[in-house]
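Here's the structure we're looking at; comments come further down.
Nothing in this text is a laboratory measurement; each read-out follows from the coordinates by a stated rule. All of these numbers come straight from a predicted model, not from anything done at the bench. Note that we place each Cβ from the backbone using ideal geometry, even for glycine, and neighbour counts take in every protein chain shown.
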Amino acid sequence: MSFTAQELELMNRQLPVWVEASKVRSAYGKTASYIPELAKAPQHALGIHMIDTSGQAVSAGDCGLAFTMQSISKVFTLILALMDNGEEAVFQKVGMEPTGDNFNSMLKLELVRPGIPFNPLINAGAIAISSLIHGRNSAEKSSRILAFFQSLASNDTLTYDMDVYKSESDTANLNRSMAYLLKDNGVLEGQVEDVLDVYFRHCSVQVTCSDLARMALVLANNGTDPVTGVSLIPRRYVQIAKTFMITCGMYNASGEFAIQVGLPAKSGVSGGILTMVPGRLGIGVIGPALNSKGNSIAGVHLLETLSRELDWSLF
Ligand code: DON
């Protein structure tokens, strides 16, 4: 369904005002610094791009800013792993439950048997998913992932930010230790360093809000790009991905986000958020300053405002 004339009028009038009101929140957050390259992002930026099923787009703020997908990429590697292996094989390696822990925690990998990650959107789960992507070697797996992202974004120029990739790969002691633990638990296939390379690469794919919005639109439309009419993902896998986005997409703030915004969403530590109004809109947001849970502080505030003003909650 397209934007209504009323919504468009409201957006044109109010969206820049709402963006400015949310932008001030960025003063209370911090850019991620555990991946040193991410700390260079503009702390006070905030941008949004929305696209409806007829291809009509609305944007505001710093929507031209380029940033890396980080954890947002995990939604799409999960989908590709499901397409490559089917549901049964994937859910032998990762669970379906939220953790209530930080995204990079490995606490439960040791505490709760059989030692598989609780879900595919925490770091441990996404690393396990990387090892399930088909390909003869890590380069082929990575190029299949990139090509999939390009088709979903309808943008064949999408590529890696190599500075961020290198920065993460050079400093990822925690993810490395987690991956070795997963290998020992029998969760990872293949060489640990190869699996990690696939993971770091998909986290470092560079996008703008319009790329995220277009990818989200495919999910909003149950796997078919409504603009081109091309079917890219089986509906069942979109359903699984959207359910994880509701229960785990904003990490241990997913419950609060479901109450305040009420839409499937996925955040990344670069400050990006991908969300959607199912059946209607794909939405991409960037605001690099993060709150204590690792979600964009201004981005979450802006989505809370939009959901309230436009009555977007699914619940
Ligand atoms: O593995 C990491 O820590 C990052 N590449 C991705 C983490 C992330 O985006 C968590 N999001 N809020």
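Return, for the Cα atoms of the chain, the radius of gyration and Dmax in Å, separated by a comma.
Using the Cα atoms of the chain, the pair Rg, Dmax is 18.1, 57 Å.
Compute the FRET efficiency between residue 292 and residue 1 as 1/(1 + (r/R0)^6), taking r as their Cβ-Cβ distance and R0 = 25 Å, and round to the nearest 0.05. Spell out each step's value before the answer.
Details: r = 36 Å, r/R0 = 1.45.
Using R0 = 25 Å, I get an efficiency of 0.10.
Within region 233-262, list the chymotrypsin sites (Phe, Trp or Tyr not before Pro) lying in a DSSP loop whose Cβ has at most 16 other Cβ atoms in a 10 Å radius. List each step's numbers first, then the result.
Numbers: sites: 237, 244, 251, 257; in loops: none.
Listed in order of number, the matching sites amount to none.
For residue 143 and residue 163, calculate 0.36 nm times their separation in residues minus their Cα-Cα distance, and state this gained length in nm to one decimal. Show your work: numbers first, answer last.
Numbers: separation 20, 0.36 × 20 = 7.20 nm, distance 1.81 nm.
Gain in length upon complete extension: 5.4 nm.
If you average the alpha carbon positions of region 109-143 and of region 1-40, how far apart do those two centres end up, in angstrom?
32 Å
Using a Gaussian network model on the chain with a 10 Å cutoff between Cα atoms, which of 26, 105, 131 fluctuates the most?
105
Within 10 Å of each candidate Cβ there may be at most 16 other Cβ atoms; applying that plus a DSSP loop requirement, which trypsin sites (Lys or Arg not before Pro) in region 75-170 survive? Walk me through the numbers before you get to the answer.
On the way: sites: 93, 108, 136, 141, 144, 166; in loops: 136.
Those that pass, being in a loop and sparsely packed, are 136.
Could you state the orientation-averaged shadow area of the convex hull built on the Cα atoms of region 29-162, in nm² to one decimal?
Details: hull surface 42.0 nm².
Reported value for the Cα convex hull: 10.5 nm².
How many angstrom separate the Cα center of region 256-274 from the Cα center of region 280-312?
6 Å
Output the Cα-based Rg and Dmax of region 86-203 in Å, rounding Rg to one decimal and Dmax to a whole number.
14.2, 43
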